[in-house]
1. Kindly indicate the residue of segment 500-515 that is at pLDDT 60 or above and open to solvent by less than 60 Å² (accessible area, probe 1.4 Å) and also farthest from residue 265 (Cα to Cα) among those meeting that condition.
2. Could you check residue 265 against (1) at pLDDT below 95; (2) polar (S, T, N, Q); (3) within 30 Å of residue 479 (Cα to Cα) and say which number it fails?
3. Any chance segment 391-412 includes a residue that's touching a helix residue (DSSP H, G or I) at 6+ places or on another chain (Cβ under 7 Å) and open to solvent by 10 Å² or more (accessible area, probe 1.4 Å)?
4. Taking the condition in contact (Cβ under 8 Å) with a residue 60 or more places away in the chain and within 23 Å of residue 402 (Cβ to Cβ), does residue 309 pass?
5. Tell me whether segment 303-318 contains one or more residues that are assigned to a helix (DSSP H, G or I) and of a type outside the set (D, E, K, R).
6. How many residues are at pLDDT 95 or above, of a type in the set (Asp, Glu) and open to solvent by less than 10 Å² (accessible area, probe 1.4 Å) if we restrict to segment 453-499?
7. Please give the number of the condition residue 95 fails out of (1) in a helix (DSSP H, G or I); (2) out of contact with any helix residue (DSSP H, G or I) (no Cβ under 7 Å at 6 or more places or on another chain).
Amino acid sequence: MPFVEDQISSHNSAYPLPVVIIGNGPSGICLSYFLSGYRPYFAPDATHPNPILQCKLEESRSLSLVDQDLQHLSEGLEGRSSNPVSLLFDALILPESDFGQDYESTLEWKLEPGQSIPHVVLGRGPPGGAWHAMEGSMLTLSLANWMELPGLKLKDWVREKRRNLRNDRATPDDIASYYVHFVNKMGLQDNFLCGTCVTSLRRIPCSQDGKAKRLNSGCKGACTNCTVKGAESEVAYENVNDLWEVSGYRERKEGKVHFSICAKNVVLATGTHDTPAWLGVDGEDLPYVCHSLSEFEAAIASGSVDQDSDPVLIVGAGLSAADAVLCAHHLNIPVYHAFRRVVSDPAMIFNQLPKVLYPEYHKVHQMMRQQKFGSGDDSCYPGYTSYPQYRVVHFTPDRKCILQCGEDILVVKISRAVVLIGAYPNLSFIKDGGKYLGLDTGKPISCHRNPIDIDPYTYECIQEPGLFAMGPLVGDNFVRFLKGGALGITSCLSKRLEKQDTEDGCNCTAVTASATYNR
C-alpha cells in the first residue's frame, strides 16, 4: 500500500507523522524533494563569483547545505527576496542571474535515503497546484530556468517533448506538466495525496492525565492514530502540546471521505491564488462583475462579450490585468482600463521587466501610457482607453461604473467589469483565517502586503512553534526563491530530529516513525 494511503486508512500507527505539508504546488514539491533525502553540496570543482560567499562555502565543503549554518552563509547577501536563505540558495543555483549572467549552478545533489524525513503532501489537484488552472497558452513571467526545481533542468525536459521555449520562457501548460513529471522522476509520488481538501488545522488539546484528547470533528471513523468514541477519544502521546491535527476530506467516487492526521510539524505551502481580492465597493457583487481571468474568458466563449459590446472595464495594474487587456485587445473587444497608480511609478511591475524578454507586457505598458479618452482616431491602440489614477466608486445595476480621480467624477457604460487586483491565500482551515500569523495581525495574510511572520532562517512561524510557512505566504512570489524555504525548513527539522535522537538515546519518535512509515 502506498505510504500516503497508509496514513489515511491505518488506525494503528504508534507515532504521529513527522511532517505534513499542506499544498502541492512547487513549494510543496521542492520541500518533499529535500525531505526525501536529496541533499545539496557545494560542488568540488565549483567557484562562486562572490568571493566572500566562496570563502564561506570552502570552510565546510564536505557538508551538505542542510547541515551548515545558514545564517552565516547568507549574511550580507542582497536581492529580490526579503528572506536571506532564499537569497542564499538562489545565489548558489543561479549565480548573478539578476545581473544578466548565465553561470552554471554551483551545487551538486546526492540522494541520501538515511537522511529522509517521513512526510505527506496534501493538495486539491495534481502536483503543481495553481499552475494547472492558469491559461495554458500565455508565457510565464519568469525565465524558464527560474521555474525549474533542483535536479531536473526544465529546458532539457521541454526539448525532450520536442517543444521550444520562446524568449527563454515557457507556458503554464509546460510548467504544470514539468512539475507532475518531476514528482514521478524523483520518486516522490508515494508522498503525495491529491484530491484532498484540508478543513481544519489545530493543536491537539491535552487532558490532565497527559493524554492527547482528539475531538470527533466528523471524521466518521477515518481518523489516523485513534478510534473515535462518541464525542471524543484519547491517545497517549509524548509531548502532546507539540502535536497538530490536520483534518479534511478526499474526493472519491463514493463521495467525500473524511480523514485526520496527527503530525509533529506542519508546513503551510498553499500559495496565494485561492481567493481573489475585492475592491469593497457597492455593486461589486452584481452578476456582470467578475474577479478572475477565467470568468472573463468564459463570458467571451459564451458570446456575452464581443467586439460589438459596450467596453469591458478592466481594473488593476498587475500582470493578470495586463493578460485581460491582451485577451480583449486580440479579439477587438473595446476596453476601459482603470488603475490607481501613475504609469511611471517605479513600483509598477511593468517598469521592472526587460522589454526584450517581455514584449507583450511592454505593449500593455505602452497602451497604459496613453492619455485617458485616447480611444479616438489619433490613438495608437483603437478600442483601448486608459484611466490612470482612477478608482472605482461603485457599480450600478444598469451596468454603469462610477470612476473618480481627485475631483473628477466619471460615469462609464460597460458590458462587464473584470477586477484583477491580486489574491489572498485560502487559510480558512486555521483559526481567524491565519491573521494572527501575519506581520500585521489585524489584516489578512497577503503575499505582497502582509506575509506570515517567520524566523528568517528556519521559516518557523513566530506565533506557532512546529508550524512552518514557505513560498508566497512568506513573500517569496517567484519559484526561484521558494527553494530557499525548502532548504531552511529541512535544515531546521533535520537538526531538531537529530537533537531528539541524542536526547532520547536514538530509539526515539523520529527513528521509530521512519521505520513505521517508510514502505
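1. 501
2. (1)
3. Just the residues of segment 391-412 that are touching a helix residue (DSSP H, G or I) at 6+ places or on another chain (Cβ under 7 Å), to begin with: none.
No, every residue in segment 391-412 fails to be touching a helix residue (DSSP H, G or I) at 6+ places or on another chain (Cβ under 7 Å) and open to solvent by 10 Å² or more (accessible area, probe 1.4 Å).
4. Numbers: in contact (Cβ under 8 Å) with a residue 60 or more places away in the chain: yes; within 23 Å of residue 402 (Cβ to Cβ): yes.
Yes.
5. Step one: list which residues in segment 303-318 are assigned to a helix (DSSP H, G or I), which gives none.
Scanning segment 303-318 turns up no residue that is assigned to a helix (DSSP H, G or I) and of a type outside the set (D, E, K, R).
6. Here the count works out to 0.
7. Every condition holds for residue 95 apart from (1).
Listed here are the residues, each with its yes/no results for (1) open to solvent by 10 Å² or more (accessible area, probe 1.4 Å); (2) over 23 Å from the mean Cα position of the chain (by Cα); (3) not acidic (Asp, Glu).
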{"position": "242", "(1), (2), (3)": "yes, yes, no"}
{"position": "249", "(1), (2), (3)": "yes, no, yes"}
{"position": "252", "(1), (2), (3)": "yes, yes, yes"}
{"position": "259", "(1), (2), (3)": "no, yes, yes"}
{"position": "263", "(1), (2), (3)": "no, no, yes"}
{"position": "271", "(1), (2), (3)": "yes, no, yes"}
{"position": "294", "(1), (2), (3)": "yes, no, yes"}
{"position": "307", "(1), (2), (3)": "yes, yes, yes"}
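The values are calculated or read from the model by the stated rules, or taken from the named source; none is laboratory data. None of these values were measured; they are calculated from a predicted model. Glycine also receives a Cβ, built like all others from the backbone with ideal geometry; neighbour counts cover every protein chain displayed. Quick note on the areas: whole protein, heavy atoms, side chains included, nothing else; ligands and nucleic acids left out. Shrake-Rupley method; radii C 1.70, N 1.55, O 1.52, S 1.80 Å.
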